[in-house]
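Nothing in this text is a laboratory measurement; each read-out follows from the coordinates by a stated rule. Everything quoted here is computed from the prediction, not taken from an experiment. Counting neighbours? That spans all protein chains shown, and the Cβs are built from the backbone with ideal geometry, glycine included.
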Amino acid sequence: MDFTLTARQKELQQRTREFIAQKIIPLERDKRNTAHGPTEDLRAEVVALAREAGLLTPHASPDMGGLGLSHVDKAVVFEEAGYSTLGPTAMNIHAPDEGNIHLMESVATHAQKERWLRPQVQGHTRSCFNMTEPSPGAGADPSMMVTTAVKDGDDYVINGTKWFITGATGAAYGIVMAKMEDGAATMFLTDMDRPEVQVVRNMDAMDSCFTGGHGVVKFTNLRVPAADVLGEIGKGFKYAQVRLAPARLTHCMRWLGQARRAHDIATEYARTRQAFGRALGKHEGVGFMLADNDMDMHTSRLHIWHTAWLLDQGERCNFESSRAKVICSEAEWRVVDRCVQILGGQGVTGETIVMRIFTDMRAFRIYDGPSEVHRWSMSRKILDAAPQH
């Protein structure tokens, strides 16, 4: 691999960095940043800024209005966007929309793309991905899914409850995973403003960076025509991997930007704050934490780039994306945790954005599969690949 940035990547990196610093960071303390994420009004404002800067939905294909970024390009741009808690929202690369856009581009029909995807790429609408369920339904184990889809004539009738559905409130459309009568899973597309779709409530969560929060969604006799099946019947789990492998990696990219922001704030504090006769950072206990931060961020970036490069070569990368997800989520979490410690009282108050990053990032070790599930999946593959003697 060549880790040298191309001229285009350098230009995108600098343009994104300047956009985030000049246009988006000043809006982070806007009162429209709520406990359940940026309001729709704030989202529309920052999306308009990204559109004006030519940075809206850059990962989408040029046919849809994006920049057609490769996975390595995304590693560069998404890290810069993640430097602000509002950056991914502004550039329309936040979860779950980023992953849904990738899935729709890969699987949806032309008619489905024109109806749902194009307005989303243009920043006019949002989406949600309805898979996780309350017990006894699907969580880390998707095979436990209890939401059903029963064929009725040319339609499918969906019943079930999903929860922790990011962005459900205010989403224009949803991708719904449901189990067929033979037990196979299928993905369906639906407008979210239908009376058969009810966002029961928003769940209070540690993070507050996703527009629409995390909802509990109930589907009651939702009738979906065959034309709104996403992909082929019975291939829902296969398509979930099409979405999840790259989406795990883009999480790592965005959160690396957040970790770098926290580190920069902590570094400046350690450089200027005096304690016991010298700058705080000159005490080994603090200086070593800054060094550990640098190593964790460097390790994360290498794993992101390596996995992104493999994806660009057409590799499936389920194992590599699981490995990167665990390494990055835990390393980036350690960075932010150390930053809180370095900042002391400043780190546990809203005086800096580090406390906000801390509470947002803790959930990253759970999103798109907890670390333990990825370790379990990796261990099985390691054992299966081991030489037999």
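Loop-located GluC sites (Glu not before Pro) in the range 114-204 (DSSP state other than H, G, I, E, B) with a sparse environment of at most 11 neighbouring Cβ atoms within 10 Å: Glu181. Extension gain, Arg29 to Arg15: 0.36 nm times the residue separation minus the Cα-Cα distance gives 2.8 nm. Dipole magnitude for the chain: about 660 debye, using +1 per Lys or Arg Cβ and -1 per Asp or Glu Cβ, origin at the Cα centre. Within the range 173-205, name every residue whose backbone N is under 14 Å away from a label modeled 7 Å from Cα of Val348 along the Cβ vector. Once the point is set 7 Å along Cα→Cβ of Val348, nothing inside the range 173-205 turns out to lie under 14 Å by backbone N. Among the GluC sites (Glu not before Pro) found in the range 266-371, those both in a DSSP coil and sparsely packed, with 12 or fewer other Cβ atoms within 10 Å of their Cβ, are Glu351.
Of the residues Ser61, Ser84, the one with the fewest other Cβ atoms within 10 Å heads the list, and the complete ranking is Ser61, Ser84.
Distance from the Cα centre of the range 332-389 to that of the range 78-113, in angstrom? Cα centroid to Cα centroid, the span is 22 Å.
Quick one: compute the contact order of the chain, relative version, from alpha carbon pairs under 8 angstrom and 6+ residues apart, as a percent.
16 percent
Here the label points at Glu372 and Ala227, each 7 Å from Cα along the C-beta direction, are separated by 4.6 nm in the simple model. Legend: calculated FRET efficiency, Asp193 to His389, from the Cβ-Cβ distance at R0 = 45 Å, rounded to 0.05, equals 0.15.
How tilted is helix 40-53 with respect to the longest principal axis of the chain? Cα atoms for both, answer in degrees (0 to 90, nearest 10). Taking Cα atoms only, the helix is inclined about 70 degrees. Across the range 309-321, rounded Karplus estimates of 3J(HN,Hα) from the backbone phi angles (6.51 cos²θ - 1.76 cosθ + 1.60, θ = phi - 60°) give 4, 4, 4, 5, 7, x, 6, 6, 6, 4, 5, 5, 6 Hz, Gly and Pro being marked x. Remark: the Met1-Ala44 segment gains 11.6 nm on full extension, using 0.36 nm per residue and subtracting the alpha carbon distance.
Close amide H partners of Trp163, meaning residues 5 or more places away or on another chain with modelled amide H under 5 Å apart, are Thr132, Glu133, Val217. Over the range 7-94, one equal point on each Cα, no solvent: what is log10 I(q)/I(0) by the Debye formula at q = 0.20 Å⁻¹? Results for the range 7-94 at q = 0.20 Å⁻¹ read -0.86.
Using only alpha carbon pairs under 8 Å that are at least six residues apart, calculate the relative contact order of the range 127-234 and give it in whole percent.
On the way: 257 pairs, mean separation 33.1, N = 108.
The normalised contact order for the range 127-234 reaches 31 percent.
Dipole orientation for the chain: of the candidates Asn221, Met187, Ile265, Ile265 has the Cα lying most toward the positive pole (charges on Cβ; Lys, Arg +1; Asp, Glu -1). Over all other residues within a Cβ to Cβ distance under 12 Å of Gly160, the charged ones net out to +1, with Lys and Arg as +1 and Asp and Glu as -1. Restricting the chymotrypsin sites (Phe, Trp or Tyr not before Pro) of the range 220-279 to loop positions (DSSP other than H, G, I, E, B) with no more than 10 neighbouring Cβ atoms within 10 Å leaves Phe276. For Met203 and Thr299 in one chain, what is 0.36 nm times their gap in residues minus the Cα-Cα distance, to one decimal in nm? Fully extending the segment from Met203 to Thr299 adds 31.2 nm. In plain terms, the residue of Phe164, Phe19 with the fewest other Cβ atoms within 10 Å comes first and the most crowded comes last, giving Phe164, Phe19.
Shape of the range 281-366 from the C-alpha gyration tensor: prolate (a/c of 1.5 or more and a/b above b/c, with a ≥ b ≥ c the square roots of its eigenvalues).
With contacts taken as Cα pairs under 8 Å at a separation of at least 6 residues, the range 1-76 carries a relative contact order of 21 percent.
If I model the chain as equal point scatterers sitting on the Cα atoms and use the Debye formula, what is log10 I(q)/I(0) at q = 0.06, 0.13, 0.15 Å⁻¹? Debye output, listed in q order: -0.23, -1.09, -1.42. The residues packed around Gly285, meaning those with a beta-carbon under 13 Å from its beta-carbon, carry a net charge of +1 if Lys and Arg are +1 and Asp and Glu are -1.
Of interest is the spacing of the C-alpha centroids, which for the range 124-178 and the range 273-309 amounts to 41 Å. Across the range 189-201, coupling constants 3J(HN,Hα) worked out from phi with the 6.51/-1.76/1.60 Karplus curve, θ = phi - 60°, read 10, 8, 5, 8, 8, 7, x, 7, 10, 10, 7, 5, 6 Hz, and Gly and Pro carry x. Please compute, over every Cα-Cα pair in the range 237-385, the percentage with a separation greater than 18 angstrom. Taking all Cα-Cα pairs of the range 237-385, the fraction more than 18 Å apart is 59 percent.
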